[in-house]
Amino acid sequence: MANVYDVLVERGYIEQATHEEEIRKLLDEEKVTFYIGFDPTADSLHVGHFVQIMVMMHMQKAGHRPIALCGGGTGLIGDPSGRTDMRKMLTLEQIENNVRSFQKQFSRFLDFSDDQAIMVNNADWLTKLKYIEFIRDIGKHFSVNRMLTAECFKNRLEKGLSFLEFNYMLLQSYDFLELYKRFNCKLQLGGNDQWSNIISGVDLVRRMENASVYGLTFKLLTTSEGKKMGKTESGAVWLDAAKTSPYDFYQYWRNIDDPDVENCLALLTFLPMEEVRRLGSYKDEKINIAKETLAYEITKLVHGQEEADKAQKAAKALFGDLSTDSASIPATELLKSKFTTGMDILTLLMETGLISSKGEGRRLIQQGGIYLDNNRIDDIFQMITLEDFVDNKLLLRKGKKVYHQVKIIE
């Protein structure tokens, strides 16, 4: 069986390692307990987290034991990494609710039976710390001069960095120490923006326990232009079906840019690399086959095969007969009587939630961004009547990617 480190390298996950050869040897010779931390800043994980979840699944398949660490404690502080301003402070109740949501989502991706994976909340130990003892025992191992050279702090110095956030690195490092003592955790993983925090944790455990522990970071999910993926006009692409429907989730991946397809297939699916490279080599119209494969595979992983099948059929219905299978396309039901004398297009767009104001709707129409059954609407005063419906349905499109059905009911 291939060393999982080589698998992660081949698929393009790994960015930096504290001790590359030692980590590879460790993963080859023993069952390693490792952890990744997730601060509960929202009530769902999003696609930016999914790279980390994929790494955890690869590691578990190779026989290693993941710890999914929910940051109920560190979430009270806020990670300054990658931020140009201070994070919004959440209440304890909000964080506890978010932790519960995270824990439910993790159980879909990892096998927690028979101690094959562990889920913990760092609030269990961080909220019980005594400040003076913590600063004496832990703080003495951190150099302020060295901390200020870390990217997560350097980016904030001009605009201001609170002492609250300055503590974050100490707390995350303490997490590694605690997990080492509790579970013999020897490896911390995270996104590349966590490098400074990870190497500080490795250093702390080595100093205090005289133990060989390691850190590894992997690439953030970005486009070929270096921009973070997972954002749409309506916000983040969530893993919770109630926040991003399986259909919208599928459509997001179906519509990514051509140069990003191969990278996403490697990072976000379990397809063999030969298949990834074959699909990634497709050009022009043929690349759509690769995009459909990507969209289906990742939707299946996140939402299950049944939802992936429904989303795929719904997407194909958009390019053919709408009546074939459109159940998964987002829809709004409106009374038939509203269209007896007609409803103006701006009101209809508001009713369906496709626009937040009529001003936005006017701009979209003037820019050619609104379609009715694939026919562009040019008139901001156009009336929609019963004659526009086929089998009591019509299809609206905003831009290239956002579809919405209108269904009339008696």
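The values are calculated or read from the model by the stated rules, or taken from the named source; none is laboratory data. All of these numbers come straight from a predicted model, not from anything done at the bench. Every residue, glycine among them, receives a Cβ derived from its backbone with ideal geometry; neighbour counts consider all protein chains shown.
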#### Entry: Residue match in the range 60-71 (condition: small (Gly, Ala, Ser), part of a loop (DSSP other than H, G, I, E, B), crowded, with 19+ Cβ neighbours inside 10 Å and more than 15 Å from the chain's Cα centre (by Cα))
yes
### Message
Restricting to the range 109-121, name every residue that is assigned to a helix (DSSP H, G or I) and touching a residue at least 40 places away in the same chain (Cβ under 8 Å).
### Response
Phe109, Asp115
### Summary
Per the filter on the range 297-310, residues at pLDDT below 95 and either surrounded by 17 or more Cβ atoms within 10 Å (Cβ to Cβ) or not assigned by TED's automatic domain parsing to the domain that holds Asp257 (or both) are Glu307, Ala308, Lys310
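Results for (1) surrounded by fewer than 20 Cβ atoms within 10 Å (Cβ to Cβ); (2) within 17 Å of Leu301 (Cβ to Cβ); (3) polar (S, T, N, Q), shown as yes or no for each residue.
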| position | (1), (2), (3) |
| --- | --- |
| Ala242 | yes, no, no |
| Phe249 | no, yes, no |
| Asn255 | yes, no, yes |
| Leu265 | no, yes, no |
| Arg277 | yes, no, no |
### Flag for Thr41 being at pLDDT below 90 and surrounded by fewer than 17 Cβ atoms within 10 Å (Cβ to Cβ)
yes
### Query
Is it true that Gly82 is closer than 23 Å to Leu45 by Cβ, under 26 Å from the mean Cα position of the chain (by Cα) and at pLDDT 80 or above?
no
#### Entry: Residue identified as within 22 Å of the chain's Cα centre (by Cα) and in the same structural domain as Asn97 (by TED's automatic domain parsing) among Glu29, Glu15
Glu15
